[in-house]
Amino acid sequence: MTRQIAAALLLAVAASAACAQSWPDKPVRFLMSAPAGSSIDVVGRAIADKLKDRLGQPVVVENKPAAGGVVAVGETAKAAPDGYTMVLAFNGPLSITPLLQKTQYDVQKDLAPVITTTSQPNVLAVNAQVPAKTVKELVAYAKANPGKLNYASVGPGSSSHLNGELLKSLAGIDIVHIPFNGSPPAVTATIQGETQMIFAVMQPLQAQIQAGKLRALGVTSAKRFPLLPDLPTIAESGYPGFVSLAWNGVLVPAGTPKPVIARLNAEINAILKEPDVVQKLNGQGFELVGGTPEEFAALIKGESDKWAPVIKAANIKID
């Protein structure tokens, strides 16, 4: 029995190695957990454009924003572990949503992390018609108008959603969560006044803030954001410890051959260091991260462990 098991293991290793040597010999699907035009999409397409040349095969981007990225992650988890399906997912469907509802996948068991791609803070912005120029003024306005302010998020379970609920809890204000599938519709709703405030990453907000359609009030990083150095952090605005980053990374189905994962990791690490990619993404507020699959796995678990008690204490739920 022992020899049979050993022989089977050797065959499996040999098959895995053979698969990795011939990979890729056809197009690779790259699922985006957010819609076209979103920050995830910007990062994903920058990577896909370079990766196709490095792999010698097309990298086909597919936007699947439904259910706050859960659909894209779930589809990847169920895909064949052959290296031809990967997903760019953000912290929502990886570390937060599974704490708020039952998902059709187990991040730890059904997915294999490849690499962390980018990280950035959320910016708290309001519609230009909202009479608040600081976080404190916004809180006072919300208290004077309980239940009348809507805040947009880029999806249920996203850092955008969680930051809104955390502010709601810490400030003791009554604001209503309106979730959207990604940043483009969420930002549009806030510009048009359907929602009055939003937590989102800088990329989809920047042009609207510069045009005066939105007003930035605070940032969720521990230190001030280089693109908006005059913008105070939420922490220094009266809520110490309010620190939250939006991050994303590439994953493949669990069981994908390790040599394939190692190749993807090496290629994307190199892409994230290419000067034109750095210039393009830094210019839109992204901090490029990179690193090992193990570091990405630790980030996913660490963020889940960090937010679990916060979610429980604040009784945060998906609407």
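Tell me the helices (runs of 4 or more DSSP H) entirely within segment 201-319 that contain at least 3 residues that are modelled with pLDDT of 95 or more.
It comes to 258-271, 275-282, 293-314.
Taking the condition touching a helix residue (DSSP H, G or I) at 6+ places or on another chain (Cβ under 8 Å) and either within 26 Å of Lys273 (Cβ to Cβ) or crowded, with 22+ Cβ neighbours inside 10 Å (or both), does Gly44 pass?
It is false that Gly44 is touching a helix residue (DSSP H, G or I) at 6+ places or on another chain (Cβ under 8 Å) and either within 26 Å of Lys273 (Cβ to Cβ) or crowded, with 22+ Cβ neighbours inside 10 Å (or both).
What do you reckon, is Ala200 among the small types (Gly, Ala, Ser), in contact with a Gly (Cβ under 8 Å, 6 or more places away or on another chain) and within 19 Å of Lys133 (Cα to Cα)?
no
Go through segment 201-223 and count every residue that is open to solvent by 50 Å² or more (accessible area, probe 1.4 Å) and under 19 Å from Gly157 (Cβ atoms).
First pass over segment 201-223, keeping only residues open to solvent by 50 Å² or more (accessible area, probe 1.4 Å): 207, 210-211, 213, 215, 222-223.
From what's left, under 19 Å from Gly157 (Cβ atoms): none.
Residues meeting the conditions: 0.
Of the conditions (1) aliphatic (A, V, I, L, M); (2) in a loop (DSSP other than H, G, I, E, B); (3) open to solvent by 30 Å² or more (accessible area, probe 1.4 Å); (4) touching a helix residue (DSSP H, G or I) at 6+ places or on another chain (Cβ under 8 Å), Leu99 clears all except one; give me its number.
That leaves (2) as the condition not met.
Is it the case that Ile198 is hydrophobic (A, V, I, L, M, F, W, C), assigned to a strand (DSSP E or B) and crowded, with 16+ Cβ neighbours inside 10 Å?
Here the answer is yes, as Ile198 does meet what is asked.
Can you find a residue in segment 278-300 that is in contact with a strand residue (DSSP E or B) (Cβ under 6 Å, 6 or more places away or on another chain), of a type in the set (D, E, K, R), surrounded by fewer than 22 Cβ atoms within 10 Å (Cβ to Cβ) and on the phi < 0 side of the Ramachandran plot?
Yes, some residue in segment 278-300 is in contact with a strand residue (DSSP E or B) (Cβ under 6 Å, 6 or more places away or on another chain), of a type in the set (D, E, K, R), surrounded by fewer than 22 Cβ atoms within 10 Å (Cβ to Cβ) and on the phi < 0 side of the Ramachandran plot.
So if I check each of Lys109, Lys168, which one is basic (Lys, Arg), part of a helix (DSSP H, G or I) and over 30 Å from Thr85 (Cβ atoms)?
When all the criteria are applied, what remains is Lys168.
Can you list residue pairs whose Cβ atoms sit under 9 Å apart, with the first residue in segment 120-144 being under 18 Å from Met202 (Cα atoms) and the second being acidic (Asp, Glu)? Count only pairs 6 or more apart in sequence or on different chains.
Short answer, once both residue conditions are applied: Gln120/Glu287.
Which residues, taken from segment 102-119, are within 19 Å of Glu295 (Cα to Cα) and either surrounded by fewer than 18 Cβ atoms within 10 Å (Cβ to Cβ) or under 12 Å from the mean Cα position of the chain (by Cα) (or both)?
Asp106, Gln108, Lys109, Thr116, Thr117, Thr118, Ser119
Do you know which residues across segment 243-260 are touching a Pro at 6+ places or on another chain (Cβ under 6 Å) and under 12 Å from Asp82 (Cα atoms)?
Once the filter is applied, which keeps residues that are touching a Pro at 6+ places or on another chain (Cβ under 6 Å) and under 12 Å from Asp82 (Cα atoms), segment 243-260 yields Pro253, Gly255, Thr256.
Please tell me if Val87 is buried (at least 17 other Cβ atoms within 10 Å of the Cβ), under 15 Å from Ser33 (Cα atoms) and of a type outside the set (Ser, Thr, Tyr).
yes
Within segment 157-173, can one find any residue that is modelled with pLDDT of 95 or more, buried (at least 22 other Cβ atoms within 10 Å of the Cβ) and in contact with a helix residue (DSSP H, G or I) (Cβ under 7 Å, 6 or more places away or on another chain)?
no
Of everything in segment 174-186, what is without any contact (Cβ under 8 Å) to a residue 60 or more places away in the chain, open to solvent by less than 10 Å² (accessible area, probe 1.4 Å) and not in a strand (DSSP E or B)? Give them in sequence order.
Matches in segment 174-186: Ala186 only.
The values are calculated or read from the model by the stated rules, or taken from the named source; none is laboratory data. Since the structure is predicted, the reported quantities are computational estimates derived from the model, not experimental observations. Here Cβ is always computed from backbone atoms with ideal geometry, including for glycine, and neighbour counts include all displayed protein chains. Remember, those area values only see protein heavy atoms, side chains included, never the ligands or the DNA or RNA. Shrake-Rupley method; radii C 1.70, N 1.55, O 1.52, S 1.80 Å.
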